[in-house]
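Novice: Here it is: the structure, laid out below.
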Amino acid sequence: MPSDATPDPYADPLKFGQRVQILRERRGMTQAQLADFVGISPHTLRKIENGQQKSPSLDMVMRIAEALRVRDLAELTGHPDLHVDLFIGPGHPRLAAVKAAIDSFPLSSSVEPPPVAHLDARLHAAWKARHAAENHREAIGKLLPDLIRDATALVRQADTTADRRAAQALLAQTYSLSQFFLAYQPDSSLLWRVAERGMIAAQESEDPHAIGVAAWLLAQAHRDSGARHFDAADAINLDAVRYLEPLLPDADDELLAIAGALQFELGYTAARRRETGTAWRYWDTARTMSERLPVDYYHPVTNFSRAIMGAHAVTIAVELHQGGESVRQAARADVATIHSRPRRARHRIEEARGYHLDNQPDVAIASLEKAFEAAPETIRYNGYARTLIFEQVESTQAPRRRRASELAVKVGLLAA
C-alpha cells in the first residue's frame, strides 16, 4: 500500500472522530461542508474529529452517517457487531431474476417480439400496478424480466428506422421502470447500468418525452450518489430543460409534466446544497407549469401533477433543514390527492423528517406508521425512514421506544 494511502477503518482500531475524518475525506468533503450538512459548526466537527469532544449522541451519529452516505454503521462506529445497513434496503427476492434479464445479451434469439402496441399496453399496465400496489417492487419485479426480454428483442428485430425508434422508446421506458425497482437495492452498479442504458435508448428513439424521463432518472442517480455528483445532476437536468423548452408552447400534458418534473429536480438538488432562494425559485417554476395541467392529471412515471406540488414543498423545506417550514408545508399538503401508494408513502416519510427537524418525534413516528400503511416496501427500502426508526428505538422515553420498536419489527429492521 502506498505510504499516502487512506487507512482502512476496519484495519486500524481508530476512534470515532478519526473514522469520521477518513470517511469524510474519502467522499471529498471539507469539514465546513460536513458540518453544514449535519447542523453543527466547523469548530465542533473539528473537535469531534480530533477526539477532543466526547462521543456524540445517536442522533448526531445518524446524521453524520446520512451525510457521509455510510452503508454500514459499523464502518463509522468501529463496532464490528453493529452491522446496520442504513441506506440500502435488503435485496428483493426478485432482484436476481431482474438482474439476469438486464445482464443478458444473447447474440441470437428465438424470442418472437410482441407488436409495439402490445408491449406499450403491458408497460402502461405495469406503471398502473406500481402506483396501486402496497408492495410495488413485488408488483413490477415479477413483470420486469419478460418486459426487458421483449423490449430488447423488439429493438433488435425492428425492420425500419421508424420501428426501431418506437422500440427504443419502449426499451427506455422499460429501463425507467427497472430503475424504480432497483432504487435502494444492494447493487448500485446495476442501477447505474440501467440509468445509462435508459438514456442511450431514449436518445436513439429521438422521442422528447422518453429523453426527458431518462434525464430525470439519470440526474437522480447522480444526485443520490453524494454531494460531489450534484454538478453532474444539474448538468443533465439543465440540458434536458433546454432541449424541451422550444417544444413547450405546443406540448401535450405528458411532455409538459416531465418538463415540470425536471424543474423541480433542479430545486431539489439546490435544496440539498442549502441554496434556499434557488430551491424555492425552481419549485415555484414547477408549480406554475403544473397549473397548465388538468386538475386530475398525473404523470405516469414521475407523478408530477398539481396535487404533488404540496408534497414537493415539504421535500424542499426538509432538505433545507427548515423544521418549522417543513411542518407548515406538511399541514398544507393534501396527501389524499396523491394517487400513487408508493409516492404517498414517500411523502409521509418526508413529513416525518420535517417533524423530526421540528423536535416532534412522536408525530414523526406517527407519520412513519402511515407510510407503512400506504406502502410497506417504500419505508422498508428508504434510508431516511430506517435512520429515524433506529434513532427512536434508542429513545429514553419508554412509550416512544416501544412504538418505534413495534414499527421496526413490522418494517423488518428488528426481529420480533
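The values are calculated or read from the model by the stated rules, or taken from the named source; none is laboratory data. In this text the structure is predicted, and so the values were computed from the model without any measurement. With ideal geometry, Cβ positions are generated from the backbone for all residues, glycine too; neighbour counts draw on all protein chains shown. In case anyone asks, the SASA skips ligands and DNA or RNA and just uses the protein heavy atoms, side chains included. Shrake-Rupley method; radii C 1.70, N 1.55, O 1.52, S 1.80 Å.
Novice: Starting from the stretch 43-65, take each residue that is in contact (Cβ under 8 Å) with a residue 60 or more places away in the chain and list its partners that are outside any helix (DSSP H, G or I), counting only C-beta distances under 8 angstrom and pairs at least six apart or across chains.
Specialist: Sorted first by the residue in the stretch 43-65, then by its partner, the pairs are Leu58/Glu394; Met62/Leu86; Ala65/Leu86.
Novice: Every residue in the stretch 27-45 that is within 20 Å of Gly323 (Cβ to Cβ) and not hydrophobic (A, V, I, L, M, F, W, C), please.
Specialist: Within the stretch 27-45, Asp36, Gly39, Ser41, Thr44 qualify.
Novice: Exactly one condition in (1) surrounded by fewer than 16 Cβ atoms within 10 Å (Cβ to Cβ); (2) touching a Lys or Arg at 6+ places or on another chain (Cβ under 8 Å) is false for Ile102; which is it?
Specialist: (1)
Novice: Arg281: over 24 Å from Gln392 (Cβ atoms) and modelled with pLDDT of 95 or more, yes or no?
Specialist: When the stated conditions are applied, Arg281 passes them.
Novice: State yes or no: is Gln168 in contact with a Ser or Thr (Cβ under 7 Å, 6 or more places away or on another chain), among the polar types (S, T, N, Q) and either part of a helix (DSSP H, G or I) or free of Cβ contacts under 8 Å to residues at least 24 places away in the same chain (or both)?
Specialist: When the stated conditions are applied, Gln168 passes them.
Novice: Here is a follow-up. Hey, does the stretch 239-259 have a residue that's open to solvent by less than 20 Å² (accessible area, probe 1.4 Å) and modelled with pLDDT under 95?
Specialist: No: the stretch 239-259 contains no residue that is open to solvent by less than 20 Å² (accessible area, probe 1.4 Å) and modelled with pLDDT under 95.
Novice: I'm told Arg273 meets every condition in (1) farther than 16 Å from Gln322 by Cβ; (2) charged (D, E, K, R); (3) within 20 Å of the chain's Cα centre (by Cα) except one. Can you identify the failing condition by its number?
Specialist: Only one criterion is unmet by Arg273, namely (1).
Novice: Taking the conditions exactly as written (within 22 Å of Arg130 (Cα to Cα), out of contact with any His (no Cβ under 6 Å at 6 or more places or on another chain) and assigned to a helix (DSSP H, G or I)), does Tyr355 satisfy them or not?
Specialist: So Tyr355 does not fit the description; no.
Novice: Turning to a different aspect of this structure: Restricting to the stretch 264-290, name every residue that is assigned to a loop (DSSP other than H, G, I, E, B) and open to solvent by 60 Å² or more (accessible area, probe 1.4 Å).
Specialist: Hits for the stretch 264-290 are Arg273, Glu275.
Novice: Sticking with this one: Applying the selection to the stretch 108-145, what residues are assigned to a loop (DSSP other than H, G, I, E, B) and at pLDDT 95 or above?
Specialist: Of everything in the stretch 108-145, those that are assigned to a loop (DSSP other than H, G, I, E, B) and at pLDDT 95 or above turn out to be Lys142, Leu143.
Novice: Shifting gears a bit: If you take the residues in the stretch 203-233 that are more than 23 Å from Gly383 (Cα to Cα) and either out of contact with any helix residue (DSSP H, G or I) (no Cβ under 9 Å at 6 or more places or on another chain) or charged (D, E, K, R) (or both), which one is surrounded by the fewest Cβ atoms within 10 Å (Cβ to Cβ)?
Specialist: It comes out as Glu206.
Novice: Also, quick follow-up: With the checklist (1) more than 22 Å from Ser326 (Cα to Cα); (2) open to solvent by less than 20 Å² (accessible area, probe 1.4 Å); (3) in a helix (DSSP H, G or I) in hand, flag the one item Leu293 doesn't pass.
Specialist: The one condition Leu293 does not meet is (3).
Novice: Are there any pairs, at least 6 apart or on different chains, whose C-beta atoms fall under 7 Å, with the first in the stretch 185-198 and in contact (Cβ under 8 Å) with a residue 60 or more places away in the chain and the second assigned to a loop (DSSP other than H, G, I, E, B), and if so, which?
Specialist: Gln185/Ile88; Gln185/Gly89; Gln185/Gly91; Gln185/His92; Pro186/Ile88; Pro186/Gly91
Novice: Being outside any helix (DSSP H, G or I) and either buried (at least 22 other Cβ atoms within 10 Å of the Cβ) or at pLDDT 95 or above (or both) narrows it down to one of Ser305, Ser367, so name that one.
Specialist: The unique qualifying residue is Ser305.
Novice: So, one more: Considering only residues of the stretch 314-339 that are among the polar types (S, T, N, Q) and in a helix (DSSP H, G or I), which is most open to solvent (accessible area, probe 1.4 Å)?
Specialist: Selected residue: Thr337.
Novice: One residue is enough: does the stretch 152-171 have a residue meeting the conditions crowded, with 22+ Cβ neighbours inside 10 Å and within 22 Å of the chain's Cα centre (by Cα)?
Specialist: yes
Novice: Determine the pairs where a residue that is of a type in the set (S, T, N, Q), located within the stretch 391-416, has a partner that is outside any helix (DSSP H, G or I) and surrounded by 14 or more Cβ atoms within 10 Å (Cβ to Cβ) with Cβ atoms under 7 Å apart, the partner being 6 or more residues away or on another chain.
Specialist: Ser405/Leu414
Novice: Select from the stretch 172-202 the residues that are over 16 Å from Thr302 (Cα atoms) and β-branched (Val, Ile, Thr) and write down the one among them that is surrounded by the fewest Cβ atoms within 10 Å (Cβ to Cβ).
Specialist: Among them, the one singled out is Ile200.
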